[in-house]
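The values are calculated or read from the model by the stated rules, or taken from the named source; none is laboratory data. The structure displayed is predicted, hence computed values, not measured ones. Note that each Cβ is placed from the backbone with ideal geometry, even for glycine, and that neighbours are counted across all protein chains shown.
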């Protein structure tokens, strides 16, 4: 069987298909002190939130909370491992972590207003 269109597509792209890992990975966007502060901050926030996982599991939106919490753990790990080799990936992971953290806080505020969290102590 002949595949002329696929061959043309491959010929048109040239060698770029073989350069999968050839991407820009800047290393000097952030100073190491900034990186340490950010990593320490997300670890602290994640630890406090994960301590409340049993409480989150009792709420109506438990599936959403747990999904965010798991994704935050992955982003925290990705940021820890990527900051030296690929600071763009580090920034993306940190941004996603804070975005999810903010989403959880917003949902908790809604649940508080709905009376689902009960009285504060």
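Taking interchain pairs and intrachain pairs at least six residues apart, which have beta carbon atoms under 8 angstrom, with the first residue in the stretch 56-84 and within 14 Å of residue 107 (Cβ to Cβ) and the second not in a helix (DSSP H, G or I)?
Listed pairs, sorted by first residue: 59/116; 59/117; 60/116; 65/57; 65/59; 66/57.
Residue 116 versus (1) under 28 Å from residue 31 (Cβ atoms); (2) at pLDDT below 90: which is the lone unmet condition?
The number of the failed condition is (1).
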